[in-house]
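Since the structure comes first, as structure tokens, the remarks are kept for the end.
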Amino acid sequence: MSDGLKKNPLVMIVDDVPKNIQILGNILRENIQCDFSFAQDGRQALDIISRSAPDLILLDITMPVMDGLEVCRALKKNPETADIPIIFITARVDSEDVIKGFEAGAVDYITKPFNSPELLARVKTQLAIREQNAIILRQNSELRELLHVLCHDLVNPVAAILGLVNMLDDSGPMRKLKPLMLDAADNALGLIALIRNMRKLEDKNESLDLRYLPLSELVRESLCMLEQGFNKKNIAVSIEMPDALHVCVEAVSFVNSVMNNIFSNAIKFSMKNSTVFVSAVLKGTEALLVIKDSGIGMPDEVLNNIFSVSFSVSRTGTDGETGSGFGMPLVKKFVEAYGGRIEISSSEENELSPSGTEIRIFLPGRISDL
Ligand SMILES: Nc1ncnc2c1ncn2[C@@H]1O[C@H](COP(=O)(O)OP(=O)(O)OP(=O)(O)O)[C@@H](O)[C@H]1O
Ligand SMILES: [Mg+2]
């Protein structure tokens with residue numbers, strides 16, 4: 001939108017005393033380029049807001065019919081109006097009104113009688129924040145759109161490369177090159193799939209199908225998928241957890257993205273003939289799942305950036321396995337989407353302790369026979 005077409009911000013003033021509306025309106029009109037709407041009680045305010053949402057509301061606390069606190073709570077409860085900033089108008093600074101106003105969701109307050117410079121400073125600040133937020137949201141959505149197009153349009157050429165490489169003759173110099181090219185193309189497709197998963201997760205955070213499910217079954221499902229990898233390095237798995245322990249997760253992502261990545265990392269960075277320990281206990285309403293390997297461990301630089309998508313910490317495994325470095329950021333995103341959290345400690349080999357990595361995942365949990 002060009003500057004010429006930019007709309008003025010809409011400021012709403014809600015006060016049961018017309019004189020106050022007049023004073024506030026005059027101070028603002030003379031100093032800020034904005035449009036106004038007015039209401040003299042809470043109900044009227046909600047009615048007007050539902051038809052035309054303002055960018056800022058100056059809201060009196062004490063009003064007949066429906067007071068300012070009630071209006072504020074109603075607006076914050078409604079997702080369509082929750083992010084409209086509200087500045088309370090109150091007669092006394094140190095009164096309980098101010099605390100109650102903040103608790104109800106207000107961003108600031110002004111006191112009567114009105115002090116023009118202070119009033120203007122507070123209103124301008126909130127309008128500037130509102131404008132910045134709108135810009136950030138717009139840029140964010142443009143970037144997401146771009147990422148979507150990029151992922152969508154990259155899949156076909158990369159899949160075509162994969163298909164063509166597969167058709168290449170296995171003899172001669174291709175014998176060594178073909179698996180490398182297949183790996184690279186596979187990795188590229190994996191990366192695209194991961195970015196898409198992350199996007200989906202951000203979009204549908206609210207609607208993940210979260211259910212209490214038996215943790216040991218989910219863990220075994222993932223171990224079963226990775227059986228070949230464990231066997232190839234002769235890595236044993238020790239599992240210790242009550243069968244009745246249930247965790248609240250979304251099954252497909254938990255098995256395929258969370259557990260599979262953690263286990264495939266444990267395989268990738270463990271030595272042959274070692275053991276991976278998996279245990280879980282319930283602590284109150286929280287299940288603690290621990291996955292411990294005695295692999296090569298991580299230096300601080302890797303550990304400190306392991307959840308960052310912009311800083312690649314990907315290393316090759318003990319058998320030359322490669323990866324994209326997107327696994328752990330995705331694990332964290334999913335765990336947090338389930339309402340849980342993840343912690344990692346890791347040490348490389350030194351004189352004091354053997355090397356290894358311990359991952360602790362906290363999830364909403366309960367013991368249940370179902
Ligand atoms: N169990 C582990 N032991 C040692 N290092 C690990 C372990 N898990 C992760 N790391 C380190 O963290 C990096 C990032 O892990 P992450 O799972 O995000 O990516 P990746 O395994 O390299 O690739 P991808 O999972 O996308 O195939 C790894 O490359 C490795 O350097
Ligand atoms: Mg990984």
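Let me confirm something: among 155, 149, which residue is in contact with a Leu (Cβ under 9 Å, 6 or more places away or on another chain), open to solvent by 30 Å² or more (accessible area, probe 1.4 Å) and under 30 Å from residue 197 (Cβ atoms)?
The unique qualifying residue is 155.
Out of the stretch 101-119, which residues are surrounded by fewer than 17 Cβ atoms within 10 Å (Cβ to Cβ) and part of a helix (DSSP H, G or I)?
102, 103, 116, 117, 118
If the Cβ limit is 6 Å and pairs must be 6+ apart or interchain, which residue in the stretch 341-370 that is polar (S, T, N, Q) pairs with which residue that is surrounded by fewer than 13 Cβ atoms within 10 Å (Cβ to Cβ) and at pLDDT below 95?
Correct list of pairs: 347/353; 355/349.
Any residue in the stretch 169-188 that's modelled with pLDDT of 85 or more: show its pairings with residues that are loosely packed, with under 13 Cβ neighbours inside 10 Å and of a type in the set (Lys, Arg) at Cβ separation under 9 Å, as long as the two are six or more apart or on different chains.
Listed by first residue and then by second, the contacts come to 169/175.
Within the stretch 50-75, take every residue that is open to solvent by less than 60 Å² (accessible area, probe 1.4 Å) and among the charged types (D, E, K, R) and give me the one that is nearest to residue 106 (Cα to Cα).
60
Among the residues of the stretch 190-202, is there at least one that is modelled with pLDDT of 90 or more and either crowded, with 17+ Cβ neighbours inside 10 Å or within 14 Å of residue 338 (Cα to Cα) (or both)?
No, every residue in the stretch 190-202 fails to be modelled with pLDDT of 90 or more and either crowded, with 17+ Cβ neighbours inside 10 Å or within 14 Å of residue 338 (Cα to Cα) (or both).
Please work out which one of (1) within 14 Å of ligand 2 (Cβ to nearest atom); (2) open to solvent by 30 Å² or more (accessible area, probe 1.4 Å) is the condition residue 349 fails and give its number.
(1)
Pick from the stretch 254-306 the residues that are in contact with a strand residue (DSSP E or B) (Cβ under 6 Å, 6 or more places away or on another chain) and of a type in the set (Ser, Thr, Tyr): which of them is nearest to residue 333 (Cα to Cα)?
279
Looking only at residues in the stretch 110-150 that are within 27 Å of residue 21 (Cβ to Cβ) and charged (D, E, K, R), which one is farthest from the chain's Cα centre (by Cα)?
Looking at residues that are within 27 Å of residue 21 (Cβ to Cβ) and charged (D, E, K, R), I get 112.
Condition first: touching a helix residue (DSSP H, G or I) at 6+ places or on another chain (Cβ under 9 Å) and either open to solvent by 70 Å² or more (accessible area, probe 1.4 Å) or modelled with pLDDT under 95 (or both). Now tell me which residues in the stretch 83-97 satisfy that.
83, 88, 89, 90, 91, 92, 97
Would you say residue 339 is more than 10 Å from ligand 1 (Cβ to nearest atom), out of contact with any Lys or Arg (no Cβ under 9 Å at 6 or more places or on another chain) and not aromatic (Phe, Trp, Tyr)?
yes
Restricting to the stretch 22-49, what's the tally of residues that are assigned to a strand (DSSP E or B) and open to solvent by less than 50 Å² (accessible area, probe 1.4 Å)?
Qualifying residue count, the stretch 22-49: 3.
The values are calculated or read from the model by the stated rules, or taken from the named source; none is laboratory data. Treat the numbers as computed from the prediction; the structure is a model and nothing was measured. Virtual Cβ from ideal backbone geometry, glycine too; neighbours counted across all protein chains shown. Surface accessibility is based on the protein's heavy atoms, side chains included, excluding ligands, DNA and RNA. Shrake-Rupley method; radii C 1.70, N 1.55, O 1.52, S 1.80 Å.
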